[in-house]
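Let me begin by presenting the structure, written as structure tokens, before commenting on it.
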Amino acid sequence: MERVDVAIVGAGHGGAQAAIALRQHGFTGSITIIGDEPEIPYERPPLSKDYLAGDKPFDRLLIRPAAFWSERNVRFLTGQPVVAVDAAGHQVAIADGQMLGYGTMIWATGGAPRRLSCAGHDAAGVHGVRSRADVDRIIAELPGVERVVVVGGGYIGLEAAAVLTKLGKHVTVLEAQNRVLARVAGEPLSRFYEAEHRAHGVDVRVSVSIDYITTDNDRTTGVMLVDGTHLPAEMVIVGIGIIPAVAPLIAAGAQGGNGVAVDAQCRTSLPDIFAIGDCAAHVNAFADGATIRLESVQNANDQASTVARAIMGQAEPYHAVPWFWSNQYDLKLQTVGLSIGYDQLVMRGDPAARSFSLVYLRRGRVIALDCVNAVKDYVGGRALVVQGMVIDPAALGDVETPLKTLALEYAG
Ligand SMILES: Cc1cc2nc3c(=O)[nH]c(=O)nc-3n(C[C@H](O)[C@H](O)[C@H](O)COP(=O)(O)OP(=O)(O)OC[C@H]3O[C@@H](n4cnc5c(N)ncnc54)[C@H](O)[C@@H]3O)c2cc1C
């Protein structure tokens, strides 16, 4: 059986960055990345944005070109899921029957898109949006599609809705909660995006429940709502979150449930196995110490760097400020911090001007910012979140005072 010094499971954002960071820190041992997709690591955010729109070819999505990896002696086993982990024996089983031994393992498997459970959920024309293959299937079907129902008013669903509307499709967004983005943002942001989508011709419906997917010969013909409304559609896109891909680790005895539990250095409860990215349930200081999973490029990359440092004997606890972005139409949303548990919300600017920010506070401290077409607020306000500054809400709402100035004033 072959043995490598570091086996990285999952060839996505976290896996790629872990290998990059290890080499940057001078790690000279052998590294193998085992991924179940056929591609070497590529960026996922464009999948619901420029790539779906046809504005960015796949080769521009690659996190690094193939030559980068061979120059750094990072080996790939692609198209090969890891199916079992023998933690005591320090080896993994790969789907083709191969076993691979390791000194240290980094589990960076992200998650699979959550599927609907109703009748018709697996009909042709029903798609998730997680991988290049998912989006290639959507793109291939689009010429025969006039109407699309997007299930889920989260960032991915809304981004897909924006692109498909621009491509001339008639799009309906269905959200079970009473507003879009309910899980991640304050109400003013939800209402702003609902209004924007409606202004672009998207039929946004909130507080709706799906009964089943209607089909003809196993191909979707639309969505039947619980209230009896039928929405005809040739395509249904499901964006209702992910299920962390941790089954082999949990079966091997790792602690976890919704993801795999990790400590401040991203160590799992199993010997010499770290976990990072979307699948890693960690205590996050920016979430008031709650145990959460973050689904963002920032988190995958920063946790990868935390693990690389730990492997190199320079362990530092993970303490990176969360940030995220979303592009819809000509709107660039940038967020910093986590608004979980906010008790006060300050509007900075006017949504009607399509450039504004929401400042979230908890017990008087600034904990997060959502900035729409407001790069200056995002850049200047970052320090407020990092330091959890206590700032007069009236000052935060005054657009004449840059957030950078407030950060300096209150720090001094
Ligand atoms: C459409 C879309 C848009 C997004 N937009 C944004 C955005 O605008 N901003 C942002 O910050 N984040 C965005 N995200 C989230 C971001 O892409 C993820 O947070 C990030 O990819 C997480 O990295 P990861 O390494 O944890 O997982 P991934 O990048 O998903 O990589 C995990 C890899 O492991 C593979 N794998 C799973 N199980 C196994 C196994 N058993 N064996 C081998 N391989 C396995 C998976 O197939 C995948 O290739 C978006 C995600 C999607 C899907």
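The values are calculated or read from the model by the stated rules, or taken from the named source; none is laboratory data. Quick caveat, the model's predicted, so the values are computed rather than measured. No Cβ is skipped: glycine too gets one built from the backbone with ideal geometry, and neighbour counts run over all protein chains shown. SASA here: full protein model, heavy atoms, side chains in, ligands and nucleic acids out. Shrake-Rupley method; radii C 1.70, N 1.55, O 1.52, S 1.80 Å.
For Gln255, the residues whose modelled amide H falls within less than 5 Å of its own, excluding neighbours fewer than 5 places apart on the same chain, are Ala261, Ser269, Leu270.
Placing Arg219, Arg354, Arg3 in order of accessible area, with the largest value first and a 1.4 Å probe, yields Arg3, Arg219, Arg354.
Each residue, Thr78 and Ser209, gets one label point 7 Å from its Cα in the Cβ direction; the gap between the two is 4.4 nm. Database remark: amide H of Asp211 closer than 5 angstrom to the amide H of Met224, Leu225, Val226 (H placed geometrically; neighbours at sequence offset of 5 or more, or on other chains; Pro and chain starts carry no H).
How charged is the neighbourhood of Gly349? Take every other residue with its Cβ under 13 Å from the Cβ of Gly349, and add Lys/Arg as +1 and Asp/Glu as -1. Cβ neighbours under 13 Å give a net charge of -2.
Estimated from helical segments only, the mean residue ellipticity of the chain at 222 nm is -7000 deg cm²/dmol, where each DSSP H run of four or more residues counts as -39500 (n - 2.57).
Remark: the range 287-301, residue by residue, has Karplus-estimated 3J(HN,Hα) of 10, 6, x, 6, 8, 9, 10, 10, 10, 8, 4, 3, 5, 4, 5 Hz, where x stands for each Gly or Pro and the curve is 6.51 cos²θ - 1.76 cosθ + 1.60 at θ = phi - 60°. In percent, rounded to a whole number, the relative contact order of the range 175-282 is 14, using alpha-carbon pairs under 8 Å and six or more apart. Within 11 Å, Cβ to Cβ, of Thr306, how many net charges do the neighbouring residues add up to if Lys/Arg are +1 and Asp/Glu are -1? With Lys, Arg at +1 and Asp, Glu at -1, the neighbours total -1. Each principal axis of the Cα cloud of the range 268-405 was taken in turn, and the coordinate range along them, longest first, works out to 53, 34, 24 Å. Computed from point charges on the beta carbon alone (+1 for Lys and Arg, -1 for Asp and Glu), the dipole magnitude for the chain about its Cα centre is near 540 Debye.
Net charge within 10 Å of His282 by Cβ-Cβ distance, Lys/Arg positive one each and Asp/Glu negative one each, not counting His282 itself? The answer is 0.
With R₀ fixed at 22 Å, the C-beta to C-beta distance from Asp216 to Arg137 puts the FRET efficiency at about 0.70. Computed over the alpha-carbon atoms, the chain gives an Rg to Rh ratio of 0.98, Rh here being the Kirkwood radius from the mean inverse distance. Shown for the chain: lysine pairs separated by 8 or more places, or found on different chains, whose C-alpha atoms are under 17 Å apart, numbering 7. With all protein chains in place and ligands, DNA and RNA left out, the 1.4 Å accessible area ranks Met235, Met1 as Met1, Met235, largest first.
Per-residue accessible area (protein heavy atoms, 1.4 Å probe) orders Phe68, Phe324 as Phe324, Phe68, starting from the largest.
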